[in-house]
Every structure is written in C-alpha cells, then in structure tokens.
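The values are calculated or read from the model by the stated rules, or taken from the named source; none is laboratory data. If you're wondering where the values come from, they're calculated on a predicted model, not measured in any experiment. Cβ placement follows ideal geometry from the backbone for every residue including glycine, while neighbour counts extend to all protein chains displayed. For the accessible areas, the whole protein counts, side chains as well, though only heavy atoms, and no ligand, DNA or RNA atoms are used. Shrake-Rupley method; radii C 1.70, N 1.55, O 1.52, S 1.80 Å.
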Amino acid sequence: MSYLVIPYLKIQAANFQSSGLVMGGAPLMATAMFSHNLARQIQSKVEGFYYIHHDMQRLGGMAYGRFTPAQRRGAVFIGKNDYSSKNKYALSLQPTASCHLLVSLVIEFKARSINLDAIVQLLKRSKFAGGQIIEFGQLKAFENADEALKHISSGFLVQDRHDLLVKYQENYHVNRLQAFTQLLARKPTAKDAPPALDLIPEENLAWLSATTLGYALLEPETFERTGVRHADHQEQTAHAYAEPLTCLIQYLSLNQILDDYESDEAEKWDDLTVLKWSYQWQSDDVFLLQQNIN
C-alpha cells in the first residue's frame, strides 16, 4: 500500500450544495470520486482516504442571519427558455451554491509505488467537487497512514457521527429527523439551547455538520432512458434515479488526534484507520461511504 499526500489543495468555485437538503459540510462524496478517478488514471485502486479540512469560503452574502448563495448567469445559449423572462437579451440565472476550499487529502492506493510526477500532471487538469484546482503543495508518498497525517499535522479530520445520532434519538425519544435537526441547530456555547444534554453529557457537540455519504436507488437500473451521460459513446448505458443519503459528521482537530495517538494513556485514537473513509456498494441499490471498513 502507498499513502499519497496532497497537501493544501486550493479549489476555486467548488460545489457548496451536497444535496437538495444540505449546503456546506465536507464534500466527502466528491473526494471519493476524485480519488477513484486518480486511481483509474494510474491504473490502481483506492483502499480509502482521509479528508483534512483547512478552510471554506462561502460565495454569497448574509442578510438577516441567513446565507444567500451568489448566483451566476448562464454562459451558453441552449434554447429560448434559457433567456430571462424579464430581459430578452440576458440569459437566465443558473441556481447554484459555490465556495472556495482549502483541503489536504491522504489517499491510500493499492499500488506499492506511485508516480508522483504523473499525479502532478493529472491534478493540473483536474477538478474537485466541480471547482477548478488552482494550487497545491508538494506531493509525497508514505508507507503508513500515521506518517502521512503527521506530514500535514494541522487541520480538521472528519468523523462519521451516526453513533451520536442514534444515541440522541434513543435517549431523547425523538425520531431520526428530529435528532438530526436538533443536533445541528444546537449551539454548544448557548446555556438555554434546547434540549439540555443531561442524558449524554459525555458527548462533545462542537463542530457538527452534515453531508452526503452515498446514494440509494429509487428504481431498478434501465438501459431505455435517452439523454444520459456517455449515451453517445456506448451502445448501452445503465441509468437509475437515486436519492442522496445525508449523515451527521464532526470536525476533529488533527493536531489533537495526533497528540492523543502518540500518548501512552490515550485509548480512543490507538488506531487512526477508524477515521479512514472507504466506499462500496452495501447492496444492489445502496452506495455508501463509511469509516473503518475491513
């Protein structure tokens, strides 16, 4: 195995909306597909990845406590319906939500060695989460994950917190959606934030967020639908409508995790692979990202 470190990847105008329900959150699904594409280009396979968040700049404005994403007009004429109904000379707005990202990635490849020069050339012409890659640090390869993460040393790793979601639901006797929204709405510093966390006082609720971790098919795949991607290049292209699977995540200090990992007294982070993201088909109709898949 080889662990490729892509430090301080700067992305311009990346997609800020991971589903119709959620804006923001670490773009883990995009990272999985980005890693998968790199692996295909170098004829290898991805065993997993670590996502390290550094910064995110939302593109838009704040008004009355609400974020309003900046919109862009279409740049290409497609049909008469693309023009604004109020101005026949202007193309209509394209509903979108974008952000600038600064992230580091540690990608575990099945190959024992990696051609770093080839990866550099791939990155120069690649996109990440729909955004343009404009800068990145010097790539390096390591033989194990802890050395790779120590090379970055700062930032925030992302942890799957479905366990917190289940615990909150069971202890407060609410449904899954209520638990999800109440956890995201709560401010840990607010003394009067409902509900009080008397039942799970040991849980740290700082830096919670949500993102898309997979998709579930809404129908069996079909080859009879026209207009899908690659339809012009292949005789048959499978297609199916799907819905995104949204999950609770938490940002954790990488520096603190590494300190705990090296401490003899720490037990929580005695194995950093619990924070590695892997992806696979859970069944014929569910594709999901999970941590610590063996």
(request) Treat every Asp and Glu Cβ in the chain as -1 and every Lys and Arg Cβ as +1, leave all other atoms uncharged, and give the resulting dipole magnitude about the Cα centre to the nearest 20 debye. (result) 1860
(message) Let me spell out the model: positive unit charges on the Cβ of Lys and Arg, negative unit charges on the Cβ of Asp and Glu, origin at the Cα centre of region 93-166. What dipole size does that give, in debye rounded to 20?
(response) 300
(request) As a check on your grasp of the helix formula, calculate [θ] at 222 nm for the chain: sum -39500 (n - 2.57) over DSSP H runs of n ≥ 4, divide by the residue count, round to the nearest 500. (result) -6000 deg cm²/dmol
(request) Enter the accessible area per residue of the chain (Å², integer; probe 1.4 Å; all protein chains in place). (result) 60
(request) Could you tell me the accessible area of V120 in Å² (1.4 Å probe, neighbours in place), rounded to the nearest ten? (result) 40
(message) Viscosity 0.890 mPa s, temperature 25 °C: what is the translational diffusion coefficient of region 121-189 from Stokes-Einstein with a Kirkwood Rh over Cα pairs, rounded to a whole number of µm²/s?
(response) 151
(request) For the chain, report the convex hull volume of the alpha-carbon atoms normalised per residue, in Å³, without decimals. (result) 185
(request) Residues in region 136-163, backbone N under 13 Å from the label point at Y8 (7 Å along the Cα-to-beta-carbon vector): list them, ranges by number please. (result) 136-139, 152-155
(request) Name the long-range amide H neighbours of G131: under 5 Å, sequence gap of 5 or more, or other chain; modelled H, no Pro or chain starts. (result) N15
(message) Counting only protein heavy atoms and a 1.4 Å probe, tell me what percentage of the chain's accessible area is made up of carbon and sulfur.
(response) 47
(request) Report relative contact order for region 91-180 in percent, whole number only (criteria: Cα-Cα under 8 Å, sequence separation at least 6). (result) 18
